[in-house]
Amino acid sequence: MNNVGISYLLWCGCFFGLAGLHRLYNGKIFSGLLWLFTWGFFGIGQFIDLFFIPSMVVDENNLRMRPKLDPPQLSNFPGLYVSPPTTASKPVSPAQLMILLTKAAQKRGGKISLTQAVLDTEIPYEDVQDTLNQMMKKGYIVPGNDPDKGFVVYDFLEL
């Protein structure tokens, strides 16, 4: 964690010809080097930084505290952490998935949507959709529409 006091101490390096040390300390490498070679951007930037050092420290500390993400877990929105997808601990066969879907539908009064099925089984959308399509072809379920929202609801006929 960076410290405001240390940043101000490094700021004083400008009196010894080492302007921009506070910026390097706070992770602003490009501007820190620019300040170093131009004596704090001709002294103007160095003076202005007296007022911005606390926010620089906070920004750097927040950046360090952000969780490290693998590329597949990154979101399209900066600063938004997306948790990694959950999967079942063991691979589930199509027959087992049919049983899981039937149990999930039973808990919901015999009807279930695709999203509800995914949430209840923790199986990816594609696998659940494929299994629901197989169950429709075999005549176990009938698709319908939710009267209020219009999304597809699967009706398990025997429940």
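The numbers here are math on the coordinates, done by the rules we state, and not lab data. Since we're looking at a predicted model, the values are computed, not measured. Don't worry about glycine lacking a Cβ; one is built from the backbone with ideal geometry, like all the others, and counts go over all protein chains shown.
Toward the positive end of the charge dipole of the stretch 94-156, with +1 on the Cβ of Lys and Arg and -1 on the Cβ of Asp and Glu, the farthest Cα among GLN106, ASN145, GLN134 is that of GLN106.
For the stretch 4-65, the Kirkwood hydrodynamic radius comes to 11.1 Å, computed from all pairs of different C-alpha atoms.
The Cα-based radius of gyration of the stretch 94-156, divided by its Kirkwood radius, gives an Rg/Rh of 0.92.
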